[in-house]
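The values are calculated or read from the model by the stated rules, or taken from the named source; none is laboratory data. Model, not experiment: these values are computed from the prediction. All Cβ positions, even for glycine, are placed from backbone atoms using ideal geometry, and neighbour counts span all protein chains on display. Side chains included, ligands, DNA and RNA excluded: accessible areas come from the protein's heavy atoms. Shrake-Rupley method; radii C 1.70, N 1.55, O 1.52, S 1.80 Å.
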Amino acid sequence: MREDFDELVAEAAAAPVDGWDFSWLEGRATERRPSWGYARLMGERMARADTALDVQTGGGEVLAAVPRLARRTVAVESWPPNLARAAALLRPHGVRLVAADGDYILPFADATFDLVVSRHPVDTPWGEIARVLRPGGVYLSQQVGPASMLEVSEYFLGPQHGAARTRRDPDRARVAAEAAGLRVVDLRTEILPAEFRDVGAMIYFLRKVVWIVPGFTVERYRSRLADLHALIRARGPFPAHASRFLLEARRAAG
């Protein structure tokens, strides 16, 4: 078991985690996708748009899969490891990639886009989104909801209370959107089952989704990871739940 543990740790610790592609986890971890089908909804709106912006595009994976992009499509990303990946993936599709600063002051003129999209943004710059939308423009976003993967956080960090359970609340997102001058026309939430089938899958996930266990490193949590490895061997996959919400908002016309 020790050799198996060390091999799984070494493999996951060496795997690249740039971009937002989780195919490395295929067969090793699962998470049910939301029923609304964000990629489909995004594609439908892109096909009707003239100018569109993808905020926090990651490695560009979701945007690159859209069958028909807006006539002028721009993507914004700030994390340096994602920029080269996104540029290589989006350039053949005619998408302009812009490197933004970490505060997400969007480097565009007022009323530039009739569609803004964002999948799993770290934070939502509501005022900036409202500013760059044209009158009648739409913001469509799938976001991580409250207490997502709480079972994982609590396994490594202990019981979580207060903000750890309530941040990313969809009702707060609605209030923030409306305060920025947008009208929320759709808001849906789902809790989705997930599981991790080996300790390597957990390591890879925590290296990539860094807010679940802030400051995670293999060295810091090696003892807890060894216990997890033994637990999975004895009882089967580690269960968790992902929280997601879909929000669609519109800027008033005229």
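Electrostatic bookkeeping for Glu195 treats Lys and Arg as +1 and Asp and Glu as -1; over the other residues with beta carbon under 11 Å from its beta carbon, the sum is 0.
Using the Cβ of Phe205 as centre and a radius below 10 Å, the other residues enclosed give a net charge of +2, where K and R count +1 and D and E count -1.
Solvent-accessible area of Tyr155, all protein chains in place: 30 Å² (probe radius 1.4 Å, heavy atoms, ligands and nucleic acids excluded). Taken over the C-alpha atoms, the chain has Rg and Dmax values of 19.3, 66 angstrom.
Please report the antiparallel percentage of the DSSP beta bridges confined to the stretch 118-254, to the nearest 5.
90
Ranking of Leu140, Leu97, Leu8 by solvent-accessible surface, largest first: Leu97, Leu8, Leu140 (1.4 Å probe, protein heavy atoms only, all chains present). Normalising the average separation of contacting C-alpha pairs (under 8 angstrom, six or more residues apart) by the number of residues puts the relative contact order of the chain at 24 percent.
By a 1.4 Å probe calculation restricted to protein chains, Asp101 has an accessible surface near 80 Å², given to the nearest 10. Over the stretch 1-118, all Cα pairs binned in 10 Å intervals from 0 give whole-percent P(r) values of 12, 37, 30, 13, 6, 1, listed from short to long.
The heavy atoms of Val98 offer some 20 square angstrom of accessible surface to a 1.4 angstrom probe. Projecting the Cα atoms of Gly162, Gly58, Leu106 onto the dipole axis of the chain, where Lys and Arg carry +1 and Asp and Glu carry -1 at the beta carbon, places Leu106 farthest toward the positive end. Here the peptides 64-75, 184-195 are ranked by packing, the mean other Cβ count within 10 Å, and the order with the highest first is 64-75, 184-195. Normalised per residue, the accessible area of the stretch 126-231 is 44 Å², obtained with a 1.4 Å probe and no contribution from ligands, DNA or RNA.
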